[in-house]
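First the structure, in the form of structure tokens, and then the observations on it.
The values are calculated or read from the model by the stated rules, or taken from the named source; none is laboratory data. What you see is a predicted model, and the numbers here were worked out from it, not measured in a lab. All Cβ positions, glycine included, derive from the backbone under ideal geometry; neighbour counts span all protein chains shown.
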Amino acid sequence: MKTCIIFLLGFLSANLVGAYFIYGFEIPGSFDYLGFSFTDNSAPFDFIHENQIKVYDDKIVINVNEASIGKYAPTGSMKPVLDENSNGIRIKPKLEKDIHIGDIITFRKDNYLIIHRVVDIGIDNQGNYFITKGDNNNIVDGKVRFKDIEYITVGVLY
């Protein structure tokens, strides 16, 4: 009986310690990456100002230069903000300073386009990087470089 209890305690301890080193213990609404703790509560930067929006009886016009419409895959990683039936208004960032914590960006990773929120911005020996995470995910995507960023979502229409 003692052997079973010792085995069970060892098994549980090893799995808990292993899970901590791989994923970290998470507090709802926050996460840890490379020893830094982030809270997931930043709103996107205000790209569209009130003077860019014109409301008429039969339509609404939003004046955004070089904008395009984005569609989304049904992954669920950005629910409840984005889903497969959402229509995003997106722009191409021209400079790294165009991207802010809280922004939703589209970036290329392993030949896939991923749309996730910027949760931190940092700098290392390779230059600036962006840490992203899906709103509905528990782990971050790692470092994203500006050269891999395709778009910033500046509006969502449901």
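Being in a loop (DSSP other than H, G, I, E, B) and more than 21 Å from Ile91 (Cβ to Cβ) is the filter here, so list the residues in region 119-136 that pass it.
Those that are in a loop (DSSP other than H, G, I, E, B) and more than 21 Å from Ile91 (Cβ to Cβ): Asn125, Gln126, Asn136.
Mind listing whichever residues of region 103-113 are in a strand (DSSP E or B) and either at pLDDT below 95 or over 11 Å from the mean Cα position of the chain (by Cα) (or both)?
Once the filter is applied, which keeps residues that are in a strand (DSSP E or B) and either at pLDDT below 95 or over 11 Å from the mean Cα position of the chain (by Cα) (or both), region 103-113 yields Arg108, Lys109, Tyr112, Leu113.
Please work out if Glu96 is closer than 30 Å to Gln126 by Cβ, surrounded by 10 or more Cβ atoms within 10 Å (Cβ to Cβ), modelled with pLDDT of 90 or more and among the charged types (D, E, K, R).
For Glu96, the condition - closer than 30 Å to Gln126 by Cβ, surrounded by 10 or more Cβ atoms within 10 Å (Cβ to Cβ), modelled with pLDDT of 90 or more and among the charged types (D, E, K, R) - is met.
Quickly run through region 122-151 and pick out the residues that are hydrophobic (A, V, I, L, M, F, W, C), closer than 26 Å to Ile69 by Cα and in contact with a Phe, Trp or Tyr (Cβ under 7 Å, 6 or more places away or on another chain).
Ile131, Val140, Val144, Ile149
Could you give every pair whose Cβ atoms fall below 8 Å, whose first residue belongs to region 139-158 and is free of Cβ contacts under 8 Å to residues at least 40 places away in the same chain and within 19 Å of Asp110 (Cα to Cα), and whose second residue is charged (D, E, K, R) and surrounded by 14 or more Cβ atoms within 10 Å (Cβ to Cβ), counting only separations of at least 6 or pairs across chains?
Asp141/Lys133
Check whether at least one residue in region 70-85 is touching a residue at least 24 places away in the same chain (Cβ under 8 Å), buried (at least 17 other Cβ atoms within 10 Å of the Cβ) and more than 15 Å from the chain's Cα centre (by Cα), and report yes or no.
yes
For (1) in a loop (DSSP other than H, G, I, E, B); (2) farther than 22 Å from Ile48 by Cα, each residue gets a yes or a no:
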residue	(1), (2)
Ile69	no, no
Tyr72	yes, no
Gly76	yes, yes
Ile101	yes, no
Arg117	no, no
Asn138	yes, yes
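Which members of region 109-137 meet the condition of being of a type outside the set (A, V, I, L, M) and under 19 Å from Ala73 (Cβ atoms)?
Lys109, Asp110, Asn111, Tyr112, His116, Arg117, Thr132, Lys133, Gly134, Asp135, Asn136, Asn137, listed by residue number.
Which ones in region 108-133 are of a type outside the set (A, V, I, L, M) and crowded, with 22+ Cβ neighbours inside 10 Å?
Across region 108-133, the qualifying residues are His116, Arg117, Phe130, Thr132, Lys133.
If I filter region 49-66 down to residues being assigned to a loop (DSSP other than H, G, I, E, B) and either aromatic (Phe, Trp, Tyr) or touching a strand residue (DSSP E or B) at 6+ places or on another chain (Cβ under 8 Å) (or both), which single residue comes out as farthest from Ile91 (Cα to Cα)?
Looking at the filtered set, the residue picked out is Tyr56.
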